Amino acid sequence: MSKGIHLTEYHDAVRLWLKSNATWLKSVEYYPELTAPLITPCAFFSVNGWDPVDNQPGNGQLQVLLHCEVLAVIGLKEKTHQLDARNAAMFLSVILQNTNFDLKVTPANVVSADADATEPDLDAYTVWSVKYVQKATIGMPTLEADEERGIRFAINPIDINDPAEYHSLESFNETTT
């Protein structure tokens, strides 16, 4: 059973995947944490929110539909910056569709792409936003991967919460035969 993913792990996987599959990007960063002028073309990635899905695994994990966004950022000094930004968004839409970023998540589903002017720190650039959704399981499972599976029993345990007092059925059969 998988532990599910953590948002930091998800962000890192998407950033690395974008760097590997959109090699023309000078950088891919978290959405947006600007400390200096940008070297373009670049991209910003963000998980903007999530909704629980209807059928939950019931194992201490939460299955959610992540609402994600990738901003393609092009410098205004480029003569065709508007066209370049649209082409960047189109390229990102194509490569994002149906990918899982090498994680145990469902394939991404691109839902929209359009010009973005919502981030004041990016007013000096042409920006297009590509939004997608992706189902992921987050949280910790009831059983860790290294725990023994199957039916375990205890006869007159002193402490019912002590795992050492419980034994597998196989060990019971070995001692009674």
TODO: Looking only at region 68-89, decide whether some residue is part of a helix (DSSP H, G or I), in contact with an Asp or Glu (Cβ under 6 Å, 6 or more places away or on another chain) and at pLDDT 95 or above.
DONE: yes
- [ ] Take residue 94 and decide whether it is surrounded by fewer than 19 Cβ atoms within 10 Å (Cβ to Cβ), in contact with a Leu (Cβ under 6 Å, 6 or more places away or on another chain) and of a type outside the set (Asp, Glu).
- [x] no
Task: Single unsatisfied condition, residue 165 versus (1) at pLDDT 70 or above; (2) in contact with a strand residue (DSSP E or B) (Cβ under 6 Å, 6 or more places away or on another chain) - done: (2)
Task: Scan of region 97-113 for residues that are part of a loop (DSSP other than H, G, I, E, B) and surrounded by 14 or more Cβ atoms within 10 Å (Cβ to Cβ), ordered by number - done: 99, 100, 101, 103, 106, 108
Task: Enumeration of residues in region 114-150 that are over 19 Å from residue 47 (Cβ atoms), at pLDDT 65 or above and either buried (at least 16 other Cβ atoms within 10 Å of the Cβ) or β-branched (Val, Ile, Thr) (or both) - done: 125, 126
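Matching residues to (1) more than 22 Å from residue 25 (Cα to Cα); (2) not aliphatic (A, V, I, L, M):
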{"position": "86", "(1), (2)": "no, yes"}
{"position": "89", "(1), (2)": "no, no"}
{"position": "108", "(1), (2)": "no, no"}
{"position": "122", "(1), (2)": "no, no"}
{"position": "125", "(1), (2)": "no, yes"}
{"position": "132", "(1), (2)": "no, yes"}
{"position": "135", "(1), (2)": "yes, yes"}
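Residues checked against (1) at pLDDT below 95; (2) assigned to a helix (DSSP H, G or I); (3) closer than 21 Å to residue 113 by Cβ; (4) not β-branched (Val, Ile, Thr):
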| site | (1), (2), (3), (4) |
| --- | --- |
| 3 | yes, no, no, yes |
| 13 | no, yes, no, yes |
| 16 | no, yes, no, yes |
| 24 | no, no, yes, yes |
| 34 | yes, no, no, yes |
| 39 | yes, no, no, no |
| 55 | yes, no, no, yes |
| 58 | yes, no, no, yes |
| 66 | no, no, yes, yes |
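The values are calculated or read from the model by the stated rules, or taken from the named source; none is laboratory data. These numbers come from a predicted model, not from an experiment. Virtual Cβ from ideal backbone geometry, glycine too; neighbours counted across all protein chains shown.
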